[in-house]
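Worksheet for the structure shown next.
The values are calculated or read from the model by the stated rules, or taken from the named source; none is laboratory data. The structure presented is a predicted model; accordingly, all values stated were derived computationally and were not measured. For neighbour counting, all protein chains shown are included, and Cβ atoms are generated from backbone atoms with ideal geometry for every residue, glycine included.
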Amino acid sequence: MKRLFADTSYWIALFNPRDELHRKAADAARNYSEDRIVTSEMVLVEFLNGLSGHGPRLREAASQAVSTLRSSRNVSVIPQTSDQFEGALSRYQDMADKDWSLTDCASFLIMEAEGIEAALTHDRHFVQAGYRALLR
């Protein structure tokens, strides 16, 4: 069983059939269904924020999706802690030449700590940081 990190672009594409990456995300969900998926509360915040302006029905569905992910046996949701925030902020400051978000920096720290080498994402920042982006 592999461990993969799931980034915001994966969750949005999987959730939204109109997303240009939906087919890739759905294929990945099938292909990696036996693997352990690791994500973070920060990623889930971005997911919810990304769908917040799409009306009450989609907001409710997104909220339900997050609740389902948080209770799934195949998904580990890493909580945001003050230490994680401080570490991500430090990485963010150290990498001022990159346009990595704070959530990207936190994700990279989680992947380092968990020994994860690949991410369910299309985000080029993961490639810049030395990881495999499985939706590219």
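Worth pointing out:
- Number of positions in region 90-136 that are hydroxyl-bearing (Ser, Thr, Tyr), part of a helix (DSSP H, G or I) and either at pLDDT below 95 or within 15 Å of the chain's Cα centre (by Cα) (or both): 2
- Pairs are defined by a Cβ separation below 7 Å, a sequence spacing of at least 6 or placement on different chains, a first member in region 117-136 that is more than 18 Å from Asp19 (Cβ to Cβ), and a second member that is part of a helix (DSSP H, G or I) and hydrophobic (A, V, I, L, M, F, W, C); the pairs so defined are Ala129/Phe108; Tyr131/Met111.
- Residues in region 1-24 that are under 18 Å from Asn74 (Cα atoms) and touching a Ser or Thr at 6+ places or on another chain (Cβ under 8 Å): Phe5, Ala6, Asp7, Thr8, Tyr10, Trp11.
Condition check ((1) surrounded by 14 or more Cβ atoms within 10 Å (Cβ to Cβ); (2) among the hydrophobic types (A, V, I, L, M, F, W, C)) across all residues:
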site	(1), (2)
Glu46	yes, no
Asn49	no, no
Arg57	no, no
Ala65	yes, yes
Ser71	no, no
Gln80	yes, no
Glu86	no, no
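Every residue, every condition in (1) under 26 Å from Arg3 (Cα atoms); (2) in contact with a strand residue (DSSP E or B) (Cβ under 7 Å, 6 or more places away or on another chain); (3) basic (Lys, Arg), yes or no:
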{"site": "Met42", "(1), (2), (3)": "yes, no, no"}
{"site": "Phe47", "(1), (2), (3)": "yes, no, no"}
{"site": "Gly50", "(1), (2), (3)": "yes, no, no"}
{"site": "Gly55", "(1), (2), (3)": "no, no, no"}
{"site": "Ala62", "(1), (2), (3)": "yes, no, no"}
{"site": "Ser67", "(1), (2), (3)": "yes, no, no"}
{"site": "Ser71", "(1), (2), (3)": "yes, no, no"}
{"site": "Ser76", "(1), (2), (3)": "yes, yes, no"}
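- Between Ser76, Ser101, the distinction of being surrounded by 13 or more Cβ atoms within 10 Å (Cβ to Cβ), within 19 Å of His122 (Cβ to Cβ), out of contact with any helix residue (DSSP H, G or I) (no Cβ under 7 Å at 6 or more places or on another chain) and not hydrophobic (A, V, I, L, M, F, W, C) belongs to Ser101 only.
- Pick from region 1-40, criterion hydroxyl-bearing (Ser, Thr, Tyr) and more than 10 Å from the chain's Cα centre (by Cα), ranking: nearest to Ala61 (Cα to Cα): Ser33
- Among the residues of region 38-55, those identified as outside any helix (DSSP H, G or I) and closer than 20 Å to Ser101 by Cβ are Val38, Thr39, Ser40, Ser52, Gly53.
- Residue within region 19-38 that is β-branched (Val, Ile, Thr) and either modelled with pLDDT under 95 or surrounded by 18 or more Cβ atoms within 10 Å (Cβ to Cβ) (or both) present: yes
- Considering region 78-89, and only residues there that are of a type outside the set (D, E, K, R) and outside any loop (DSSP other than H, G, I, E, B), the residue that is nearest to Ala6 (Cα to Cα) turns out to be Ile78.
- Conditions (1) farther than 19 Å from Ile12 by Cβ; (2) in contact (Cβ under 8 Å) with a residue 12 or more places away in the chain; number of the one not met by Glu112: (2)
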